[in-house]
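What follows is a single structure, written as structure tokens, with notes after it.
Read the figures in this text as sums done on the coordinates, not as results from a lab. None of these values were measured; they are calculated from a predicted model. Positions of Cβ are generated from backbone atoms using ideal geometry, with glycine treated the same way; all protein chains shown enter the neighbour counts.
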Amino acid sequence: MTKNERWGNPHIDHRDWSTYNERLVQRGEFYLSLDFVENWFSLLNSVNCGKRGRPFEYPPSFIEWMAIVYIFFQIPYRQMEGFVRKLSEYLPLLKSADYTTLFRRIRKLDLSLNVDPSLLSEDVIVAVDSTGIKVTNRGEWMREKWKVRRGWIKIHIMIDVETNSILAIEATDEETSDGEMFVPLLDQAEDICGEGNILKVLADGAYDSKEAFNELDNRNIQSGIKTRKNASTKSGGSPYRAESVREKNKMGGYKEWAKEKGYGMRWKVEGVYSSVKRIFGETVRATSEEGMMREAALKFILYNNLLNIL
């Protein structure tokens with residue numbers, strides 16, 4: 001069987017490999033970044049200032065670090081308590097926390113994405129897609145959620161194709177379609193990039209809908225959504241979609257359209273999914289539906305933090 005020839009522009013790697021390698025090495029320091037220990041009491045004072053009720057005993061930065069330990073090293077909460085207890089013998093300022101406190105505080109962590117706006121260009125091109133995250137306690141999940149033999153967590157993300165930074169994220173069950181999450185993801189991305197700063201959206205045929213095209217038209221964002229082969233050239237409720245279909249046909253078909261729109265950059269979102277699953281694993285261990293979705297989303301939030309390491 002003959003191999004199909006690769007079409008499109010050849011990829012040229014312009015990376016400075018010495019700088020790139022050093023950045024990857026520095027990412028290893030991220031997992032043992034204990035700078036918060038020296039500022040333990042000042043961090044506590046700032047978070048407890050004006051707080052009503054029982055004051056916090058552990059600063060948020062400590063809880064965030066414990067979340068990294070939980071996700072990356074995949075250590076159960078009870079073993080995490082022993083881990084911190086032993087570590088506190090070498091770091092006297094570090095206060096050991098019991099596993100129930102760690103569980104409650106990590107469960108309430110803010111899941112906002114950390115994106116450095118200075119890394120983004122003025123005209124941001126974004127790519128959107130979804131992937132599945134496996135559930136380790138599949139039997140419990142299936143019985144509770146579906147009463148049948150199926151079930152997984154679905155993660156929807158929108159990324160900046162220039163920096164690979166995740167600009168928006170949503171965690172749902174597998175029954176939620178990609179199109180349903182398009183507008184919420186776009187809203188999040190615009191909050192980070194600034195209204196009017198997103199130039200184009202690249203997406204596969206799962207996002208080919210009148211609603212998606214109308215939303216892009218209303219926000220003055222160019223479409224890089226792949227339309228179906230038999231898509232109508234008539235408006236039918238979305239003049240912008242019909243215009244995009246006619247434009248694609250005028251170019252001579254999918255290949256020419258993909259080259260013109262830079263559609264090949266959409267695959268960078270697949271690279272993000274691959275990176276997250278290789279680094280943090282492709283399963284979740286939480287037992288509740290809410291916990292599973294939070295744990296899955298946390299993997300991608302931590303990946304964004306890795307990207308911010310210079």
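Within segment 221-310, list the trypsin sites (Lys or Arg not before Pro) lying in a DSSP loop whose Cβ has at most 12 other Cβ atoms in a 10 Å radius. For trypsin sites (Lys or Arg not before Pro) across segment 221-310 that sit outside H, G, I, E and B with at most 12 neighbouring Cβ atoms in 10 Å, the list reads ARG228, LYS229, LYS234.
Binning all Cα-Cα separations of segment 17-107 at 10 Å, short to long from zero, yields these whole-percent fractions: 15, 43, 28, 11, 2, 0. In percent, rounded to a whole number, the relative contact order of the chain is 19, using alpha-carbon pairs under 8 Å and six or more apart. Each Lys and Arg Cβ is given +1 and each Asp and Glu Cβ -1; about its Cα centre, segment 117-307 then shows a dipole of about 1020 debye. Taking each residue as 0.36 nm, the span from ILE12 to ASN114 lengthens on full extension beyond its C-alpha to C-alpha distance by 33.8 nm. The packing ranking, built from the mean of other Cβ atoms within 10 Å per residue, places the peptides 14-23, 86-95 in the order 86-95, 14-23, highest first. Entry note: the chain has Rg to Rh equal to 1.02, where both radii use alpha-carbon atoms and Rh is the Kirkwood radius. When peptides 68-79, 39-50 are sorted by average Cβ neighbour count within 10 Å, with the highest value leading, the order is 68-79, 39-50.
Two tests apply to each whole DSSP H helix in the chain, Cα reach of 24 Å or more along its axis and mean Kyte-Doolittle hydropathy of at least -1.0, and the ones passing both are 289-307.
Sorting the segments 26-32, 109-115 by their residues' average number of neighbouring beta-carbon atoms within 10 angstrom, most packed first, yields 109-115, 26-32. Considering only TYR303, SER275, THR176, and ranking their Cα positions along the charge dipole of the chain that arises from unit charges at the beta-carbon of Lys, Arg, Asp and Glu, the one farthest toward the positive end is THR176.
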